[in-house]
Amino acid sequence: MGGVIEASGLGKAYRRTWALRDCTLAVPEGHVVGLVGPNGAGKTTLLQLAAGLIAPTRGTITVLGDRPAAGPAQLARVGFVAQDTPVYTRMTVADHLRLGAWLNPGWDDSLARRRTGQLGLDPKQRAGSLSGGQRAQLALTLALAKRPELLLLDEPVASLDPLARREFLRMLMEAVAEHGTSVVLSSHLVADLERVCDYLIVLVASKIRVAGEVSDLLAAHRRLSGPRRDPDTLPAGQDVIEESHTDKQTSLLVRTSEPVHDPAWAVTPVSLEDLVLAYMNPANEIPARKPQLGLVS
Amino acid sequence: MIEFQLDETSGVATYLQLVQQVHQALRMGVLEPGDQLPTAQQVVARLAINPNTVHKAYRELEREGLVRARPGLGTFVTRSPSGTDPATQGRFLAELAGWLRSARAAGLGPDDIEAIYRTAFRDCFAEGVA
Amino acid sequence: MIRLSWLQFRAQAVTAAAALSAAAVILAATSPHRGVNAGFYHWLYMAGIMVLYLTPAMIGSFWGAPLISRELEAGTYRLAWTQSVTRTRWLAVKLGLGCLVSIATAGLLSLMITWWGSPIDQLNDSRLSPLTFGARDLTPVGYAAFAFALGVTIGLLLRRAVPAIAVTLAAFAAVQVAVPLAVRPYLIPPVRTVSPLTTSNITGTGDGGPGAPGVGGQPGPNLALGAKVDIPGAWVYSVQFTLPGGSTNLGPEPQACISGSGNACDTALARLHLRQVVTYQPASRYWAFQFAETGLYLLLALLLTGFCIWRVKLRS
């Protein structure tokens, strides 16, 4: 069982600005991976590197064991839905399906027709006149009917209304259930991903802050609240991700592999959203000495 | 067959919500041994959740011995959760009701009572975990 | 991939076919093969030449320039490059098909207009003249292929369709001006003939060179001559006059030519035993030039194509 994406020291610079730096990552197979981070954190860069649309400046990346876009066979194994889901505005829905059939040897025409039927897309309609949600669904259909082993989606739901968003994710999850496709999808809103992701990568300021299975991450993080106290007095093995203090009270979000026994603390589990927001907050930059969970080092 | 619901504000992990809903359905008699659980595909189509979450919930239920996956057929209920003997349940219900009445008589309001219950509940189960 | 390219390029191909059909009808209806009537036909003749010069420019800017730039601008390249076809193949097929349609369009148009203009060309004997040469036979094919590849390259570099169209138009126009002036004359070394200048060919005399003109009716220091060159269909680069020794310094203009009669002038000139040196390309080299120039443009188109493929590959 190889990783769907393995990166080592991966970096991409545009002119002199690093869009992604020192990215070392091993995403295992069979997951729906959420790639979360604020806008401009490098999510699109990482996905485009994985899709082979751009080449790394530093380091290496392999996708399904091969260099991205290495050849037709590799391309056939990876589906990609780009940000803003570009389509050929002057071509019809049917033309797009034909495009998919012509360019992909593994094209599943019945799946494509079934999905466009379910979506109520008129095959004769020009793609330029589709709504944002329909366009996203068309792009997803193209990517799914290619029958890839890995599907990369760059902010697919960002521009959709809540109903279209739910519908899009529902279709995506059905495909995952049916074909066992691995998925990596990015978003700047963790709420979009909370339902569907079982693996999470948090990207902040072009670097990976945390990556791992959602259940492991949730199990390893606790919110502690109690009387005011200096976080430096915590036992080894408890790393503070986020802290806030009032005159009398201290509230911490810690990462720990051991249960917290200190009776002074009220210990509560954290939600995925709390966890991601704590990592995304630039005020909570982890000092370099502390290892980052889930990273292959 | 049961239909799962999802409460996104509860803070309870999705797979646990599914497990709990099966427990409840068994307790209420909605599900009985021999009944089939919805397939992962069906749950996913309804709730737009990760199929792995459904698999995880079903694995958990299987580990508890409540359901059994039959390859190619689906997942079926094998037995009801243990400790659901109606007589035992009735005894604890009566005891709790008695406690509630005495608390109310002592002048505690619903919020006070709920806070006490939650604290006791948490302490009790936290001990078990730790 | 070929089918997709065709789907995307179909509209252009249909436009081209329609334009070609219209041109065919007009040309057939006005064929000068039935007898030449100067006024109207001269206008049509010039129009045909203009159209043949404009066609490659239009192909380059409106077919070539948007071909890739529009995909880059609209982001659809991200859709195209993530299908199971490598981007080099994607580009090669798009370029190849577009180039083929461009070549066919320019070729057919050139064929029709060359046929239409052939009686007038024969009368004028002007096939090698810089203006007609680029609007006959093969050259428009080379221009079209080059213009298309140029447009694609510029579009790839600028990544935006409208600027790419404008820059392509300007760049192609510059090349079209530069090649007849600075490249075509050197494709094949010219022929140089030295022959005695018969006075009957002289069309006029005058002062030339430094110190001219002569002051107060006095002859200037250098004789300047005008003479007919009698080489049918030739593309004449230069005509020089020398003395029998080879010197181009002919001395002062004979007095007889300033104040005397024409006969006296002729006699005076005949005494100089002047030679006429003509540098030119003979009409027989027409096809050699056609092949050389078309080949040059096709080679450039090929180089640009190679550059585009290298550039697209680099991004992976």
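Annotations
- The antiparallel fraction among DSSP beta bridges confined to the protein assembly as shown stands at about 80%.
- Mean Cβ neighbour count within 10 Å, used as a protection proxy, ranking C:9-15, C:165-171, B:100-106 highest first: C:165-171, C:9-15, B:100-106
- Cα centroid separation - the stretch C:7-86 against the stretch C:159-206, whole Å: 25
- With helices as the sole contributors, chain C gives -20000 deg cm²/dmol at 222 nm; each DSSP H run of n ≥ 4 counts as -39500 (n - 2.57), and the sum is divided by every residue.
- Bridging of C:K94 to lysines at a Cα separation below 25 Å is possible for A:K124, A:K146, C:K313, once same-chain residues fewer than 8 apart are set aside.
- Whole-number D in µm²/s for chain C (Stokes-Einstein; Kirkwood sum over Cα pairs; 4 °C, 1.567 mPa s): 56
- With Cα atoms defining each centre, the stretch A:1-26 and the stretch A:98-132 are spaced 33 Å apart in the structure.
- Taking chain A and dividing mean pair separation by its residue count, relative contact order in percent (alpha carbons under 8 Å, at least six apart): 20
- Inter-chain Cβ neighbour count for A:267-274, averaged per residue, equals 3 (cutoff 10 Å, partner chain atoms only).
- Where GluC sites (Glu not before Pro) in DSSP loops with at most 15 other Cβ within 10 Å are excluded, longest remaining stretch of chain A: A:30-284
- Mean per-residue shielding of peptide A:79-91 is 4, counting Cβ atoms of other chains within 10 Å of each Cβ.
- Per residue convex hull volume, Cα atoms of chain A, in Å³: 146
- Reachable lysines from A:K248, criterion Cα separation under 26 angstrom, eight or more residues apart if same chain: none
- CD proxy at 222 nm, helix term only [per DSSP H run n ≥ 4: -39500 (n - 2.57); per residue of chain A; nearest 500]: -9000 deg cm²/dmol
- The stretch A:190-230 and the stretch C:273-293 have their alpha-carbon centroids 82 Å apart.
- Cα-based equivalent ellipsoid of the stretch A:117-185: semi-axis lengths in Å, sorted from largest, via gyration tensor: 20, 14, 11
- Computed from the C-beta positions of C:A104 and B:T78, the FRET efficiency with R₀ = 60 Å rounds to 0.25.
- Cα-based reach from A:K207 at 17 Å (exclusive), listing lysines while leaving out same-chain residues under 8 positions away: A:K12, A:K43, A:K290
- Take each residue of peptide B:34-45, count the partner chain Cβ atoms within 10 Å of its Cβ, and average: the result is 3.
- One equal scatterer on each Cα of the stretch B:1-125, no solvent, Debye formula: the resulting log10 I(q)/I(0) at q = 0.14, 0.17, 0.22, 0.23 Å⁻¹ is -0.75, -0.96, -1.24, -1.30.
- Residues whose amide H comes within less than 5 Å of that of B:V67, counting only those at least five positions distant or on another chain, are B:E62, B:T78 (H built at 1.01 Å from N in the peptide plane).
- Taking Cα atoms only, the orientation of helix C:262-271 departs from the longest principal axis of chain C by about 90 degrees.
- Remark on chain C: C:C99, C:C308 stand apart, with no other cysteine beta carbon under 4.7 Å.
- Averaging 1/r over every pair of different alpha carbons in the protein assembly as shown and inverting the result gives a Kirkwood radius of 33.1 Å.
Where a number appears in this text, it was derived from the coordinates with a stated rule and is not lab data. For clarity, every value in this text was computed on a predicted model and none was experimentally measured. Neighbour counts are summed over all protein chains in view; Cβ atoms, including those assigned to glycine, are modelled from backbone coordinates with ideal geometry.
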